[in-house]
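S.K.: Once you've had a glance at the structure underneath, I'll fire off some questions.
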Amino acid sequence: MILSIGEILFDVFPGYKRLGGAPFNFAYHMKQLGLPSRFISRVGNDAEGKIIFEKLQQYGFEPDCLQMDDKFETGKVRVGVDENGKPDFNILPNTAYDNLEFNDSIQVMLSGTVDLIYIGSLAQRSRKGFTTIQHILNEKRPQTKLLYDVNLRPRCYSRRIVTESLKHTDILKLNDDELHTIKDMLGFKKKEEAFVEFLRNEFSIEMVALTKGEKGSEIYSKDQHTVYRSRKLNNIVDTVGAGDGFASILAIGYLLDWFPHKILSVATSFAEEICKVEGAILLDNRFYEHIKVMIEQPENVT
């Protein structure tokens, strides 16, 4: 069972809008890949919130995991995309997902079998969101693993959000910009690889996945550093959600004990396919079939 917690919102692009939010994207991929998964979030009692409620039921998510807010509106992000497909995010402040509440439904879920929890940083930007998510992490069972997909957005994070989340982290995913931001935040002066080892030791993190765009990706684990070189893509529509797709394969590979090289290879392939479509999720279920084949292969097959 995979539990994803955080924002669901509408990414508003020039001329169209798509359902998004990293925790939702992650949960959606998990669901489409056939893994038991639940998604916890909060939306406004407005037109967008009702659309989201209907969509989640359509995608097979349990309706009791989605909270409705009568005061705050559903989250939105205005997304601009440059000529290389790189997005620029303008995130609407003080929305429903910022006011997520710890309730009986969440308590019941945590008391059952949960193999992995996924969180990011954005839904913790408010005092309420931070308190609720940290409460969830403090209530989770020791055997439940945590994947922290850092996802730093301008003016939407703090040192406290990052460090408190790292204290619970088993698998850390971040990009090279986020690595250097946290490195500066913690006042670490040595080189990148030394900082990753510092994070692993300081916060007892089992695995760190570092993405570097066209430069590829890396996994640091106990006594092992694996590097994967990606190829240049020529048909990019936008890169929104590519990291969320990568995170979903990272979680699966970790849980199924894949070799790091296989995790990076499959995760990169998945992320590349997402870059070829508008928005962060793939609505054609046929796309997931070849990924399912890889998942069903015996453990430790590269």
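The values are calculated or read from the model by the stated rules, or taken from the named source; none is laboratory data. Predicted, not measured: the structure shown is a model, and the values here were computed from it. Note that each Cβ is placed from the backbone with ideal geometry, even for glycine, and that neighbours are counted across all protein chains shown.
S.K.: Between residues in region 80-96 that are of a type in the set (S, T, N, Q) and residues that are assigned to a strand (DSSP E or B) and at pLDDT 80 or above, which pairs lie under 6 Å by C-beta distance while being six or more apart or on different chains?
M.R.: Correct list of pairs: ASN90/ARG78; THR95/GLY75.
S.K.: Looking at GLY187, GLY253, can you tell me which residue is at positive phi and either free of Cβ contacts under 8 Å to residues at least 24 places away in the same chain or not in a helix (DSSP H, G or I) (or both)?
M.R.: GLY187
S.K.: Let me ask something additional. If a residue counts only when it is of a type in the set (A, V, I, L, M), which strands (runs of 3 or more DSSP E) contained entirely in region 39-116 have at least 2 such residues?
M.R.: 66-69, 75-81
S.K.: Still on this structure: From the list SER158, SER217, exactly one residue is small (Gly, Ala, Ser), modelled with pLDDT of 95 or more and under 30 Å from GLU83 (Cβ atoms). Which is it?
M.R.: One residue alone meets the criteria, SER217.
S.K.: Let me ask another. Restricting to region 147-161, name every residue that is surrounded by fewer than 21 Cβ atoms within 10 Å (Cβ to Cβ) and either at negative phi or touching a Lys or Arg at 6+ places or on another chain (Cβ under 7 Å) (or both).
M.R.: Answer for region 147-161, where residues must be surrounded by fewer than 21 Cβ atoms within 10 Å (Cβ to Cβ) and either at negative phi or touching a Lys or Arg at 6+ places or on another chain (Cβ under 7 Å) (or both): LEU152, ARG153, PRO154, CYS156, SER158, ARG159, ARG160.
S.K.: A further question follows. Scanning for something farther than 21 Å from PHE246 by Cα and free of Cβ contacts under 8 Å to residues at least 40 places away in the same chain, does region 144-153 turn up at least one residue?
M.R.: No, region 144-153 contains no residue that is farther than 21 Å from PHE246 by Cα and free of Cβ contacts under 8 Å to residues at least 40 places away in the same chain.
S.K.: Say we look at region 101-143 and pick out the residues that are within 24 Å of LEU250 (Cα to Cα) and polar (S, T, N, Q); which of these is surrounded by the fewest Cβ atoms within 10 Å (Cβ to Cβ)?
M.R.: This residue is GLN143.
S.K.: Evaluate region 191-208: report whether one residue or more is surrounded by 12 or more Cβ atoms within 10 Å (Cβ to Cβ), within 12 Å of THR268 (Cβ to Cβ) and hydrophobic (A, V, I, L, M, F, W, C).
M.R.: Checking region 191-208: not a single residue is surrounded by 12 or more Cβ atoms within 10 Å (Cβ to Cβ), within 12 Å of THR268 (Cβ to Cβ) and hydrophobic (A, V, I, L, M, F, W, C).
S.K.: Let me ask something additional. Which residue, of ILE281, ILE263, is in a helix (DSSP H, G or I) and either in contact with a helix residue (DSSP H, G or I) (Cβ under 6 Å, 6 or more places away or on another chain) or over 30 Å from GLU193 (Cβ atoms) (or both)?
M.R.: From the options ILE281, ILE263, the qualifying one is ILE263.
S.K.: State whether one or more residues within region 48-59 are among the basic types (Lys, Arg), touching a helix residue (DSSP H, G or I) at 6+ places or on another chain (Cβ under 6 Å) and surrounded by fewer than 23 Cβ atoms within 10 Å (Cβ to Cβ).
M.R.: Looking for residues that are among the basic types (Lys, Arg), touching a helix residue (DSSP H, G or I) at 6+ places or on another chain (Cβ under 6 Å) and surrounded by fewer than 23 Cβ atoms within 10 Å (Cβ to Cβ), one finds none in region 48-59, hence no.
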